[in-house]
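Every number here is computed from the coordinates shown, using simple stated rules; none is lab data. Note that the structure is a prediction, hence the values are computed from the model and not measured. A quick note on method: Cβ atoms are made from the backbone with ideal geometry, for glycine too, and the neighbour counts reach across all protein chains shown.
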Amino acid sequence: MTKIKLAVAAGSYCGGCDMSIVDLNELLIPIDEAIELQYWQLAADFKIKNVKALKDNEIDITLYHGPIRTSEHAELAHLFRKKSKVLIAYGACSCFGGIPQLANPFTASELLDEAYAHGYNMDDSGPNHMRTSSEYKKGRKMTLPKLLDSCMPLSAEVDVDYYVPGCPPVRDQWLVLIDIITNFIKNGELPPKGTVVAGDKARCEECGREKPDEIVINKFFRPYEINPDPKICLLAQGLICMGPATRAGCGNQCTGDANMPCRGCFGPAPEVDNPGLKMLSAIASIAGAKKEDELGEAGLKKLVDQVVDPFGTFYRFAVPQILMHLKQKKAKEEKSDSTK
Ligand code: SF4
Ligand code: SF4
Ligand code: SF4
């Protein structure tokens, strides 16, 4: 039997996406015999020079996790795109930018100053060179990849075939992925380009918690501040839950037994262009509802100020992808207007 050539490559990753594959255990058995691993740093000491030596499209499927944060990640993305028939963005970071995109309000030099002000200095001779202060004094140079000014999803750099969101992705998605891989091995068939391996509705629709007809919030809580009722909608209990604006498919990882609000790691729900905005408008309509007169402007402001870190809460995973999507949508609309 011809084996399928598989690679797992990574940008600025945390290791969680790797572990989500290791955790599959027995699920991998049906495809184990049919796979020839070409690259996966977690599994063995694979070398990039060997990947470079492969013919174009010689790898059948590459899973790329982590976002593009440095020049090296961008180079890897182009290399694996060139060498792979199918490139899959695996995990929230690769699909949308993920947690590392929270640093995007700051430039690369601001981040370097913040992280290394006391240990490292930028070298004047070029952005790719940094020296530790002791190395600096000795006049020796360390060459590191250039930290790019923004952290971006894989699709900002190269053409992506499929998306597997989640931080990290879960077993249910792997059941679908294994079907895709098995079908590809047996019949050479693949799903339509752009397929998102996740649900096709919003998280609230798969949640199962009781949602009151009318939600009124008089106090917002952070998850550690209350022990919420496990049957009632968390948003209705004053916890910011991103469920209304997030794509389904995780199988209630947080809002189920964990009794925690959704943070939005599956990315925007279908038809939701801007999840943060959707949540902000939903929350604005329920915060202090029916008590506006009693609270007054100052009281309402005090209530809304209880939402700590609005950017990190409402836009935790996907700002670069949201902006790319809105830009593409605008360009499409302008093109369609010009042809009328
Ligand atoms: S998606 Fe989550 S688990 Fe995967 S690399 Fe990013 S932060 Fe880590
Ligand atoms: S807001 Fe959260 S807790 Fe409420 S129904 Fe939606 S996903 Fe469930
Ligand atoms: S509940 Fe939300 S944050 Fe938790 S795994 Fe599901 S999509 Fe991600």
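Quick rundown of the values:
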{"quantity": "Packing-based exposure ordering (other Cβ within 10 Å, fewest first) of Tyr39, Tyr64, Tyr224", "calculated": "Tyr224, Tyr39, Tyr64"}
{"quantity": "Residues Phe220, Phe96, Phe106, sorted so that the one with the fewest Cβ neighbours within 10 Å comes first", "calculated": "Phe106, Phe220, Phe96"}
{"quantity": "Cross-link pairs Lys231/Lys301; Lys3/Lys49; Lys201/Lys329; Lys47/Lys201 - those with Cα-Cα distance over 32 Å", "calculated": "Lys47/Lys201"}
{"quantity": "Reachable lysines, given that their alpha-carbon falls under 17 Å from the alpha-carbon of Lys302 and they are not under 8 places away in the same chain", "calculated": "Lys219, Lys290, Lys291"}
{"quantity": "Net charge over other residues, Cβ less than 13 angstrom from the Cβ of Ile185 (K, R count +1; D, E count -1)", "calculated": "-2"}
{"quantity": "Range in the chain, longest, excluding exposed GluC sites (Glu not before Pro) [loop by DSSP; at most 11 other beta-carbon atoms within 10 Å]", "calculated": "34-188"}
{"quantity": "Total formal charge among the other residues, if their Cβ is under 12 angstrom from that of Asp32, Lys/Arg +1 and Asp/Glu -1", "calculated": "-2"}
{"quantity": "Helix 275-286 axis, angle to the chain major axis (alpha carbon atoms, nearest 10°)", "calculated": "10 degrees"}
{"quantity": "The chain: angle of helix 171-187 to the longest principal axis, Cα-based, in degrees nearest 10", "calculated": "40 degrees"}
{"quantity": "Rounded tilt (10° steps) of 292-304 against the dominant C-alpha axis of the chain", "calculated": "20 degrees"}
{"quantity": "Dipole of the chain [Lys/Arg +1, Asp/Glu -1 at C-beta], most positive-end residue of Gly243, Leu112, Tyr13", "calculated": "Leu112"}
{"quantity": "DSSP beta bridge pairing in the chain, given as percent antiparallel to the nearest 5", "calculated": "30 percent"}
{"quantity": "Dipole magnitude of the chain, debye to nearest 20 (Cβ charges: Lys/Arg +1, Asp/Glu -1, about Cα centre)", "calculated": "820 debye"}
{"quantity": "Local electrostatic count at Leu76 - Lys and Arg +1, Asp and Glu -1, tallied over other residues with Cβ under 12 Å", "calculated": "+2"}
{"quantity": "Cβ-Cβ FRET estimate between Asn50 and Met19, R0 fixed at 22 Å, reported to 0.05", "calculated": "0.35"}
{"quantity": "Peptides 161-170, 301-310, 234-243 ordered by average Cβ neighbours within 10 Å, highest first", "calculated": "161-170, 234-243, 301-310"}
{"quantity": "For the chain, cysteines whose Cβ has no other cysteine Cβ within reach (under 4.7 Å)", "calculated": "Cys14, Cys17, Cys93, Cys95, Cys151, Cys204, Cys207, Cys233, Cys241, Cys250, Cys254, Cys262"}
{"quantity": "Segment Asp213-Asp309, extension gain: residue separation times 0.36 nm, minus the distance between their alpha carbons", "calculated": "31.7 nm"}
{"quantity": "Relative exposure of Ser336, Ser109, Ser20, Ser84, judged by other C-beta atoms within 10 Å (fewest first)", "calculated": "Ser336, Ser109, Ser20, Ser84"}
{"quantity": "Residue among Thr255, Gly299, Leu177 farthest towards the positive dipole end of the chain, charges placed on Cβ", "calculated": "Leu177"}
